[in-house]
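Encoded as structure tokens, the structure appears first; notes follow it.
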Amino acid sequence: MTNMMKKLSENIFDKLSMDFLRNQVLKNAYGNDDTVIAKLDPRILLVWYLFFGLVPWFSNNIIFLGGCFLLVAVTTILAKVAGLVLFLFLVGVFSQTGYLFLVSLFFGGNAETIIPLLVLTLKVATVSLASITVFSGLDPDRLSNGLMWFGCPERLSFSISYAYRILPMLMEEFQNVLLSYRLRGKAPESNGFIGKIKYLVYQIQVIIHSFYPLMLNTAKRSRTTVEALEMRGYRYAATNKEVKKMKLSALKITYDDLLFLAVSFLWMAIVAVVMSYM
Amino acid sequence: MNILEVKDVTFTYPGAGIPTLRHVELQIEKGDFIAIVGNNGCGKSTLCKVMNGLIPHFITGDFEGTVLADGIDTKTVEIGDLAKVVGYVYQDFENQIVRPTVLDDASYACMNYAMPDYLDRGRQALKDCGLEGRDDEYIWQLSGGQTHLLALAGAVSLEPEVLILDEPIAQLDPRHADLIYGILKDLNERLGKTIIVIEHHTEYIADYCKHVMLLKEGHVEWVLPTKEALDRVEDLQASNIFPPQVTLAAWRLQRQGRLPRERMLPSTISAGREAFRNLTFVKPETSENTQEKEPQDKAVSVSFQDVSVSYRSVKGEPKKIYQHLNLDLHKGEKIALIGSNGAGKSTMMKLMTGLIKPNEGRIFLKGAPVHETKPEQLSKYISLVYQNPEDMFIKDSIEADIAYAMQVREVEEWQEKTEALLERFRLTKLKDRDGRLLSGGQMRRASLAIGVALRPEILLLDEPTANLDIATRKEIMRTLKDMEDVTDTVMIATHDMQLVSEWAERIIVLYQGNVIADGSRNEIFGNKEVVEKVGIRPPEIFSMGKALHDDAFCYTVDEFLQCFV
């Protein structure tokens, strides 16, 4: 236990270093732009997501849910999603329902208690993986164009792609601020179990404190950005329908898109047939 | 034809007591290449924002007078329409880039203004700015110089007649600086664009600009052709502008009566060769070489042993920064680390503070391996002052920032020590202000004070003079010399060759992840091969001396005047 604590407290900065996070965010956003999923038309994917993001909530059939889960698992693999996102997914699903599942098994739960939990876990997992496929498989620009086509306000789609533009810079800055705290601060002694806990608490405190200078630095930067956006016609574009049309003209539905829909449809049809025989 | 006319403009920022611009009168001809000079806070940036319409449209305040850009009154049209006449590149240009990929950003403005051929315009602008073939690259893959070119391309894509650049080379190594000015020259000569730069580096003004405008306390002192402008040494110095060293040397020779008065002062090395041809070279008696060749038996402070480092990259192979680096730094050395942008200067400093861990090899700090020590413990021995001083400010006043490290360590008499530091760095009056709101020079001084608060044995400074005007740079150099008693070993990563040659005892040159030269200033600047390979631009007076005589090693104007009589 102490050994695990030691590892945990020493590694919270090292394994989850800002450099690593930054790399994962970039990888997630842009590192997989040559996958099958990334090349699909964003509108097709959003329609696809509408099905796999909503329908699972309304079904309790374990075969149907299992079928959906397998399909989105395959698309997630195709999208080459970054490791960190998958890790967060696993943690998320486990903390939602997975642990109940294990606990009930441990206390000798039988099929009656396990199946409802399995259904819930499958639902959460399916919807999460479908979201991961769409939102992390597509690069932010294509995603925001797709959203815009469906009538989402221009501001939302700009925010999405701008967030990805600014995020690496922010993370680098955050890393520096954190280091300022670490180099100049004084960490509590990390001997013994209590010491480890104290050290962990200290590290978390430092992370929270670091947000304040980060926000102020960002505010200072954004002054230039706001002026530049004004000069570069951002406000003008937001009110001009021509511009929207130009932006969206790059979107084209290809043979691959239809194939993707067809394969998904076929798979769900097979699942439906199996369901009717069970 | 005048492309820009500023008529009797007075502007006061909201809440400011006195106007920033006072009755500014200015005409700029089409096709001009003009430099605006003036000391900090004289209104240079404000004047530029008046010319592109941000004032009065976006920044409100008390505005009087008229500005005509290509015949259009800036008050009557929107900023967007003016952007097609006047393009603007900020000093903090990276904040001007809003899109993730290169072509996307270059064509962004054209798309916003609904130009159907926006992609072609973006491509053309990239071509004009020397970024051809990088269309699909992501912003973070670009070097600092390339990012600046992209910001320029974003402005060029709208095909404005006038381009305004606020301190274009402040953050760049000399090679990138030459590249930027080469492209500006091309835009000016080939495409007939009018270029306006705010610039402190008078050597670049001498090489590239046609006219110079001196702005003083919010009004135009004079506009003159470059040669005549640089001839006015007194005027420039009164505004804290430092003329090219060659000009300064000639000016001082004139005043000593060693050079005829009636001639124009030289401003470039080729002109200097002509002007100084009658001087004779005398080898100075105190030769540096004898002092520098003493054996290195000093204790080793930091030791890199077979260190390899690479960064994770978004795609493909990790990017290798260092491969099998071996290097020893000794106690008491004053080391300058030089090399182009991206050569690994910052990485080396981060390795020493334990922020980055080497993939292979080990780094020892006073004999103890860095990666087995917590940063909190390292701070007793080593301190790093970042390139961006804002990242050093973690409290809401600089007094609290300076005190923080001593306070949490319960250093005895930390209050007194903080006060002494504030006094030493001339910050006592500013002690309650947030560091972010200080001027560039004050911010640097504050970050230095924070860096030395714990009296570390090794002090690392990353680009301490970047983004500063020359007067402030001199001030920081004085501060560095003052600090000699506080720290033992100091290492500075910098592009500022005047700082290097006046301060450093040992120069380490990095090139593509290797140390390719390591020695005294004479050994480095005298080594033509290294200077060319890395793109080092020695202080101008050094090159001047070399041009006159092969054995001349003069790094300051004073030394030059002693060497040549």
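Data overview
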item: Extension reserve of the residue B:514-residue B:396 stretch, reckoned as 0.36 nm per residue once the Cα distance is removed; result: 38.4 nm
item: 10 Å Cβ neighbours from other chains, averaged over peptide B:89-101; result: 6
item: Kyte-Doolittle mean at least -0.5, axial Cα span of 27 Å or more - DSSP H helices of chain A; result: A:111-137, A:154-184, A:192-231, A:255-277
item: Positive minus negative residues near residue B:110 (Lys, Arg vs Asp, Glu; Cβ under 13 Å); result: 0
item: Of all accessible heavy-atom area on chain A, the percent that carbon and sulfur account for (1.4 Å); result: 71 percent
item: Other protein chain Cβ atoms within 10 Å, averaged over every residue that makes up B:387-398; result: 5
item: Under-5 Å amide H pairs with residue B:87, H placed in peptide plane, nonlocal only; result: B:162, B:163, B:164
item: List of segment A:186-222 residues, accessible area with partners at least 50 Å² below that of the chain alone (1.4 Å probe); result: A:186, A:212, A:217, A:220
item: Placed amide H near residue B:33: partners under 5 Å, 5+ positions off or other chain; result: B:195, B:210, B:211
item: Distance (nanometres) between label positions extended 7 Å along Cα→Cβ at residue A:156 and residue A:248; result: 1.4 nm
item: Mean ellipticity per residue at 222 nm, deg cm²/dmol - from DSSP H runs of n ≥ 4 across the protein assembly as shown, formula -39500 (n - 2.57); result: -15500 deg cm²/dmol
item: Unit charges at the beta carbon, dipole of chain B: most positive-side option, B:418, B:557, B:17; result: B:557
item: Stretchable slack from residue B:388 to residue B:189, in nm (0.36 nm times residue separation minus alpha-carbon distance); result: 68.1 nm
item: Per residue accessible area of chain B, 1.4 Å probe, in Å²; result: 41 Å²
item: For segment A:117-132 and segment A:205-275, distance of Cα centres in Å; result: 24 Å
item: Interchain or long-range residues, amide H under 5 Å from residue B:216's placed H; result: B:221
item: With every protein chain in place, segment B:429-565: carbon and sulfur % of accessible area (1.4 Å); result: 43 percent
item: Cα centroid separation - segment B:460-514 against segment A:30-77, whole Å; result: 56 Å
item: Lys pairs under 21 Å by Cα in segment A:160-278, provided they are eight or more residues apart or on distinct chains; result: 4
item: Segment B:337-425: GluC sites (Glu not before Pro) in DSSP loop, at most 11 other beta carbons within 10 Å; result: B:410, B:412, B:413
item: Within segment B:263-282, backbone nitrogen closer than 18 Å to the virtual label 7 Å beyond the Cα of residue B:547 toward Cβ; result: B:263-281
item: ³J(HN,Hα), Karplus 6.51/-1.76/1.60, whole Hz, each residue of segment B:254-259, x for Gly, Pro; result: 4, 5, 7, x, 8, 9
item: Average accessible area per residue (Å²) across segment A:138-230 - probe 1.4 Å, nucleic acids and ligands excluded; result: 45 Å²
item: Förster radius 51 Å - calculated FRET efficiency between residue B:502 and residue B:78 (Cβ-Cβ, nearest 0.05); result: 0.55
item: Residue order for A:132, B:394 - accessible surface, 1.4 angstrom probe, largest first; result: A:132, B:394
item: For chain A: rounded, prolate or oblate by the Cα gyration tensor [a/c cutoff 1.5]; result: oblate
item: Area hidden from solvent between A and B (accessible, protein heavy atoms only, 1.4 Å, total, Å²); result: 5900 Å²
item: Centroid-to-centroid separation of segment B:330-375 and segment A:84-100 [C-alpha atoms, Å]; result: 39 Å
item: Reach of residue B:185 by Cα under 17 Å, taken over lysines that are not fewer than 8 positions away in the same chain; result: B:30, B:127, B:193, B:210
item: Nearest 10 degrees, 0 to 90: helix B:470-482 Cα axis against chain B principal axis; result: 10 degrees
item: Solvent-accessible area of residue B:111 with every protein chain in place, 1.4 Å probe, in Å² to the nearest 10; result: 20 Å²
item: Computed FRET value (nearest 0.05) for residue B:377 with residue B:415, which takes r as the C-beta separation and R₀ as 22 Å; result: 0.35
item: Estimated vicinal HN-Hα couplings, Hz - segment B:117-128 in sequence order (Karplus 6.51, -1.76, 1.60; Gly, Pro = x); result: 8, 4, 5, 5, 4, x, 4, 4, 4, 4, 5, 4
item: Over the protein assembly as shown - Rg/Rh using Cα atoms and the Kirkwood inverse-distance radius; result: 1.01
item: Acute angle (nearest 10 degrees) that the helix B:414-424 long axis makes with the longest principal axis of chain B, alpha-carbon atoms; result: 50 degrees
item: Cβ-Cβ FRET estimate between residue A:39 and residue A:112, R0 fixed at 56 Å, reported to 0.05; result: 0.80
item: Helix B:144-156 vs. chain B, principal-axis angle (Cα, 0 to 90°, nearest 10); result: 10 degrees
item: Segment B:323-363 residues near the modelled residue B:137 label - backbone nitrogen below 17 Å, point 7 Å along Cα→Cβ; result: B:340-344
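The values are calculated or read from the model by the stated rules, or taken from the named source; none is laboratory data. Keep in mind that this is a model prediction, so the values were computed, not measured. Using ideal geometry, Cβ is built from the backbone for each residue, glycine included, and neighbour counts are taken over all protein chains shown. Side chains included, ligands, DNA and RNA excluded: accessible areas come from the protein's heavy atoms. Shrake-Rupley method; radii C 1.70, N 1.55, O 1.52, S 1.80 Å.
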